[in-house]
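Engineer: Quick one: structure below, then a few questions.
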Amino acid sequence: MAGLVIVGAGQAGYQTAESLRQDGFDGPITLIGSEAHPPYQRPPLSKAYLLGETDAQRVRFRTVDYYAQHRIDLRTSLDVTALDRAVKRVRLSDGSCLGYDKLVLATGARVRPLPVPGAELAGVFTLKTLDDVDAIAVRLPHAQNVAVIGAGFIGLEFAAVARKLGKAVTVLEAAPRIMGRVVHPDLSHYFTAYHQARGVRIVCNAAVAALSGTEAVEKVILADGSEVATDLVVVGIGVIPNVELASACGVTCDNGIVVDEFCRTSDPDIYAAGDVASYCHPFAGSLVRLESVQNAADQGRTIAAHVTGKAKPYATVPWFWSDQFDLKLQMVGLPHGCDRVVLRGAMETDKFSLFHYRGDELRAVDSVNKPADHITGRKLLAAGVSPTPEQAADEGFKLNSLL
Amino acid sequence: MPTVTYIEHDGTEHRVELPAGWTLMQGATLNGINGIEGECGGSCGCATCHVYVDEAYLDKLPAPSETEEEMLECTASPRRANSRLSCQIKAMPEIDGIVVHLPETQS
């Protein structure tokens with residue numbers, strides 16, 4: 001028996017392996033990761049890890065012994081370079097080949113490169129892997145002026161950390177507002193003010209034209225000719241799904257590897273999960289590719305359940321979070337197409353939630369330092385129960401009572 | 001190193017030594033103890049690392065933060081007087097020997 005081969009040892013790949021053993025799968029499992037590290041959690045990297053509050057050992061999902069004990073053949077520092085579906089075999093970067101009965105593509109996504117001159121200068125970083133963060137951590141203590149290109153979660157989380165460490169921080173965002181792709185304008189404005197009050201300089205509508213410096217980066221040059229002096233740049237302008245292995249051999253892709261409710265691709269022996277998977281989510285009603293811990297973990301569990309004959313369609317209402325300074329932003333649902341937003345609590349107190357409605361139907365809840373609203377929101381959305389906008393706005397009304 | 005005993009809902013006991021400063025959630029997940037999920041990575045955001053702390057050790061722990069208090073209202077298994085989130089409990093010499101009971105379900 002060739003067994004099950006998992007390509008990618010991030011959150012989705014790890015979870016698939018773990019859940020397979022948990023669910024009683026007894027065949028061989030090979031977990032292939034391109035990084036040198038055993039599987040680890042990425043969320044702490046841009047926060048607690050950079051602040052020195054945790055370390056490389058503690059961000060691991062499991063101890064190294066776990067894999068051998070559970071007969072998971074963990075193979076690190078290895079890439080899969082080709083996939084031959086006809087003979088059900090993958091080729092590895094060390095030149096060897098590996099056959100499979102079932103294949104899981106958990107290849108993730110890579111950081112979108114900044115397409116400007118100077119992007120390769122020393123002192124310019126991306127922030128996705130443990131190695132990325134270790135490289136930043138070496139330079140950060142000596143940096144005075146930090147520039148962050150891209151005001152998404154990663155960029156803003158890093159900006160908050162750098163500011164806490166006493167750096168002068170400038171965030172450059174190409175769009176008119178921060179986190180524009182994922183949050184309501186009210187939240188963009190609130191977070192902008194919160195960062196600014198703590199000394200972060202935020203520049204929106206900023207088109208980066210070039211980075212320049214002699215030995216290392218010294219300034220960011222914007223299209224309008226203005227310049228930002230810097231000695232450390234972090235680029236966080238989104239990611240590109242790693243579909244190449246699949247697309248090269250004809251597996252259906254559409255902004256990611258297209259999967260069904262059991263995470264099966266167009267090839268019945270190949271699954272995909274995590275950042276790379278594009279799925280017609282019942283909650284969204286269209287193809288979505290979710291870049292989140294929840295999605296990666298739940299899709300990994302979905303595959304394990306399907307392989308072990310306990311198939312359960314993946315339908316979890318999507319949830320996300322981001323920690324910036326002492327703000328805990330938690331989001332559940334997808335606010336696309338919403339036409340009404342209701343505030344619960346007061347923004348001035350830094351504890352509030354936004355309830356997003358499409359007509360009378362609750363579609364998403366964004367919470368700031370209101371974890372109970374978030375958890376209740378998850379339950380309401382999962383149950384398809386919508387409080388009236390008046391109930392959502394009334395802090396005295398117990399939303400739990402509707403469940 | 002402080003010792004922590006985790007008792008699963010079915011009675012299975014795990015005695016683990018944790019380096020000081022590690023959270024009880026990290027100690028459980030890194031040692032493969034079932035019954036603690038810690039889906040949010042230990043940022044007090046998911047309430048899936050809920051434990052019942054043995055009464056003898058309850059008073060030795062720092063009081064829960066406002067966020068933890070709020071999250072404890074959202075646990076999948078019932079909240080009791082000795083409920084805590086294990087991502088907020090750090091292994092320290094003062095709580096050497098602590099015993100925590102894991103709830104029936106976390107999600």
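The values are calculated or read from the model by the stated rules, or taken from the named source; none is laboratory data. Because the structure is a prediction, the values reported are computed rather than measured. Note that we place each Cβ from the backbone using ideal geometry, even for glycine, and neighbour counts take in every protein chain shown.
Engineer: Mind checking whether some residue in region A:396-403 is surrounded by 15 or more Cβ atoms within 10 Å (Cβ to Cβ) and away from chain B (no Cβ under 14 Å)?
Structural biologist: yes
For every residue, the table says whether it meets (1) aliphatic (A, V, I, L, M); (2) over 20 Å from A:Leu329 (Cα atoms); (3) outside any loop (DSSP other than H, G, I, E, B).
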residue: A:Asp132; (1), (2), (3): no, yes, yes
residue: A:Ala159; (1), (2), (3): yes, no, yes
residue: A:Ala162; (1), (2), (3): yes, no, yes
residue: A:Ala174; (1), (2), (3): yes, yes, no
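Engineer: Which one of the conditions (1) closer than 29 Å to A:Ala277 by Cβ; (2) surrounded by fewer than 21 Cβ atoms within 10 Å (Cβ to Cβ); (3) away from every other protein chain (no Cβ under 14 Å); (4) small (Gly, Ala, Ser) does A:Ala382 fail to meet, given that it meets all the rest?
Structural biologist: Every listed condition holds for A:Ala382 apart from (3).
Engineer: Could you check how many residues of region A:1-27 are of a type in the set (Gly, Ala, Ser), in contact with a Pro (Cβ under 8 Å, 6 or more places away or on another chain) and not in a helix (DSSP H, G or I)?
Structural biologist: The number of residues fulfilling the criteria is 4.
Engineer: Something else now. Please work out if A:Val307 is within 18 Å of the chain's Cα centre (by Cα), among the β-branched types (Val, Ile, Thr) and closer than 30 Å to A:Thr252 by Cα.
Structural biologist: No.
Engineer: Assess whether A:Tyr49 counts as being within 14 Å of chain B (Cβ to nearest Cβ), in contact with a strand residue (DSSP E or B) (Cβ under 8 Å, 6 or more places away or on another chain) and touching a residue at least 40 places away in the same chain (Cβ under 8 Å).
Structural biologist: Considered against the rule, which asks whether it is within 14 Å of chain B (Cβ to nearest Cβ), in contact with a strand residue (DSSP E or B) (Cβ under 8 Å, 6 or more places away or on another chain) and touching a residue at least 40 places away in the same chain (Cβ under 8 Å), A:Tyr49 comes out as no.
Engineer: While we're looking at this one, here's another question. Using the structure shown, decide if B:Glu68 is in contact with a Leu (Cβ under 7 Å, 6 or more places away or on another chain), assigned to a helix (DSSP H, G or I) and not basic (Lys, Arg).
Structural biologist: yes
Engineer: If I go through region B:35-58 residue by residue, how many of them are in a loop (DSSP other than H, G, I, E, B) and not charged (D, E, K, R)?
Structural biologist: Counting residues in region B:35-58 that are in a loop (DSSP other than H, G, I, E, B) and not charged (D, E, K, R) gives 13.
Engineer: With a cut-off of at least 3 residues that are surrounded by fewer than 20 Cβ atoms within 10 Å (Cβ to Cβ) and assigned by TED's automatic domain parsing to the domain that holds A:Glu18, name the strands (runs of 3 or more DSSP E) lying wholly within region A:28-86.
Structural biologist: Fully inside region A:28-86 and qualifying: A:80-84.
Engineer: Also: For the condition over 22 Å from the mean Cα position of the chain (by Cα), at pLDDT 95 or above and within 20 Å of A:Arg42 (Cβ to Cβ), what is the one hit in A:Leu140, A:Leu156?
Structural biologist: After applying the criteria, what remains is A:Leu140.
Engineer: Now for a separate question. Residue under question is A:Ala151, and the condition is that it be aliphatic (A, V, I, L, M), surrounded by fewer than 16 Cβ atoms within 10 Å (Cβ to Cβ) and farther than 25 Å from A:Asp55 by Cα; does it hold?
Structural biologist: So A:Ala151 does not fit the description; no.
Engineer: Among the residues of region A:363-379, which ones are within 14 Å of A:Leu402 (Cβ to Cβ) and touching a residue at least 60 places away in the same chain (Cβ under 8 Å)?
Structural biologist: Correct list: A:Arg378 only.
A quick yes/no check of all residues on (1) more than 14 Å from chain B (Cβ to nearest Cβ); (2) within 26 Å of A:Ala210 (Cβ to Cβ); (3) of a type in the set (Val, Ile, Thr):
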position: A:Phe61; (1), (2), (3): no, no, no
position: A:Arg75; (1), (2), (3): yes, no, no
position: A:Asp79; (1), (2), (3): yes, no, no
position: A:Ala82; (1), (2), (3): yes, no, no
position: A:Val87; (1), (2), (3): yes, no, yes
position: A:Arg91; (1), (2), (3): yes, no, no
position: A:Leu98; (1), (2), (3): yes, no, no
position: A:Ala106; (1), (2), (3): yes, no, no
position: A:Pro115; (1), (2), (3): yes, yes, no
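Engineer: Pick out the one residue from A:Gly274, A:Gly236 that is within 24 Å of A:Pro115 (Cβ to Cβ) and modelled with pLDDT of 95 or more.
Structural biologist: The match here is A:Gly236.
Engineer: Examine region A:291-308 for a residue that is surrounded by fewer than 20 Cβ atoms within 10 Å (Cβ to Cβ), within 13 Å of chain B (Cβ to nearest Cβ) and touching a Phe, Trp or Tyr at 6+ places or on another chain (Cβ under 7 Å), and state whether such a residue exists.
Structural biologist: Within region A:291-308, one or more residues are surrounded by fewer than 20 Cβ atoms within 10 Å (Cβ to Cβ), within 13 Å of chain B (Cβ to nearest Cβ) and touching a Phe, Trp or Tyr at 6+ places or on another chain (Cβ under 7 Å).
Engineer: Here is a list: A:Leu140, A:Leu74. Which entry is farther than 28 Å from A:Ala297 by Cα and not aromatic (Phe, Trp, Tyr)?
Structural biologist: Going through A:Leu140, A:Leu74 in turn, just one is farther than 28 Å from A:Ala297 by Cα and not aromatic (Phe, Trp, Tyr): A:Leu140.
Engineer: In addition: Does A:Cys263 satisfy the condition of being in contact with a helix residue (DSSP H, G or I) (Cβ under 7 Å, 6 or more places away or on another chain), in contact (Cβ under 8 Å) with a residue 40 or more places away in the chain and farther than 29 Å from A:Leu114 by Cβ?
Structural biologist: Answer is yes for this residue.
Engineer: Then there's this: Residues to consider are A:Phe262, A:Phe320; find the one that is closer than 26 Å to B:Gly45 by Cα and not small (Gly, Ala, Ser).
Structural biologist: A:Phe320 is the lone residue from the list that is closer than 26 Å to B:Gly45 by Cα and not small (Gly, Ala, Ser).
Engineer: Restricting to region B:21-63, give me the number of residues that are small (Gly, Ala, Ser), within 13 Å of chain A (Cβ to nearest Cβ) and out of contact with any strand residue (DSSP E or B) (no Cβ under 8 Å at 6 or more places or on another chain).
Structural biologist: Final tally of qualifying residues: 3.
Engineer: If you take the residues of region B:64-98 that are among the small types (Gly, Ala, Ser), more than 13 Å from chain A (Cβ to nearest Cβ) and loosely packed, with under 14 Cβ neighbours inside 10 Å, which of them is farthest from A:Leu329 (Cα to Cα)?
Structural biologist: Among those that are among the small types (Gly, Ala, Ser), more than 13 Å from chain A (Cβ to nearest Cβ) and loosely packed, with under 14 Cβ neighbours inside 10 Å, it is B:Gly97.
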